[in-house]
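What follows is a set of notes on a single structure, which appears directly below.
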Amino acid sequence: MNQIPDNLAAVQARIAAAVAASDRPAESVALLAVSKTKPIQAVKAAYDAGQRAFGENYLQDALPKIAALPLDGIEWHFIGHLQSNKTAEVAAHFAWVHGLDSLKHAERLNKQRPDDLPPLQVCLQVNLSGEASKGGVTPEALETLAVRVAELPRLRLRGLMTMPDPNSPPDEQRTVFARLRERLLALRDKGLDLDTLSMGMSGDMEMAIAEGATIVRIGTDIFGART
Ligand SMILES: *Cc1c(COP(=O)(O)O)cnc(C)c1O
């Protein structure tokens, strides 16, 4: 737990170095601290060190943390696999959803987003590695889905998210990041106002930043290995 501030500083230094190496503006990459499976005290330690955005995958694990930490400026991102019976609680307790990949879930979140909260910010997850087992919309279906989601008033479509197959060679993973950026640019050309590429984790954040990531999602290198 007392390593967390140092780990956080080291991750921020890596982000700053990667951003500088790709000639991007210093503030162009945001850090999402992935606190899944980690205790409330770990989130608090990162918050006290200045971190504000936290990513969680498992709703039942996240809700007690969210309730226990009503802290100024804290922001929760749902990055796990969405299920229909969980959308209401996701809509009520999170500021962002990164793994949206179906119109059905988008419509549920839109309907369930409480009126007293700003629109839920969403990224569409794109499956660019072709793994059948993985979540994400196919590249072929992406544009249609993006246009429909952008029309939903209680959602705010911000951009795209992807996860390369961690077992594929690094150059293939880098190609996946590059292709996600190409997809974002193509959607912008169609008139969609998108600014977010959610890509890069502990092992591959430098590559993702070189390919244009604007949010990196880092768990292990901040909070330690998950048990
Ligand atoms: C767990 C997880 C991360 C963080 O992965 P690390 O390798 O621990 O940095 C990022 N994104 C998603 C979607 C995850 O599930």
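The values are calculated or read from the model by the stated rules, or taken from the named source; none is laboratory data. Only a predicted model underlies this, so the values are computations on that prediction, with no experimental measurement involved. Every residue, glycine as well, gets a Cβ built from its backbone with ideal geometry; the counts of neighbours run over all protein chains shown. We work out accessible area using only protein heavy atoms, side chains counted, and drop any ligands, DNA or RNA first. Shrake-Rupley method; radii C 1.70, N 1.55, O 1.52, S 1.80 Å.
Modelled spin-label separation between Asp61 and Lys190, with each label point placed 7 Å from Cα along the Cα-to-Cβ direction: 3.4 nm. Among the trypsin sites (Lys or Arg not before Pro) within segment 141-227, those in coil by DSSP and having at most 15 neighbouring Cβ atoms inside 10 Å are Lys190, Arg226. Checked against a 26 Å cut-off, the cross-linked pairs Lys44/Lys111; Lys65/Lys104; Lys104/Lys190; Lys38/Lys134; Lys38/Lys86; Lys86/Lys190 give Cα-Cα distances beyond that limit for Lys44/Lys111; Lys65/Lys104; Lys86/Lys190. For the chain, the share of accessible area belonging to carbon and sulfur comes to 51 percent (1.4 Å probe, ligands and nucleic acids excluded).
For segment 4-223, the spread of Cα positions along the three principal axes, ordered from largest to smallest, is 43, 41, 32 Å. Heavy atoms of the protein chains alone define the surface here; on that basis the chain has 47 Å² accessible area per residue at 1.4 Å probe size. The Cβ shell under 14 Å around Ile74 holds other residues with a net charge of -1, Lys and Arg each +1, Asp and Glu each -1. Cα convex hull, segment 146-194: 70 Å³ per residue, rounded to a whole number.
Per-residue ellipticity at 222 nm from helix content only, as computed over the chain with -39500 (n - 2.57) for each DSSP H run of at least four residues, stands at -12500 deg cm²/dmol.
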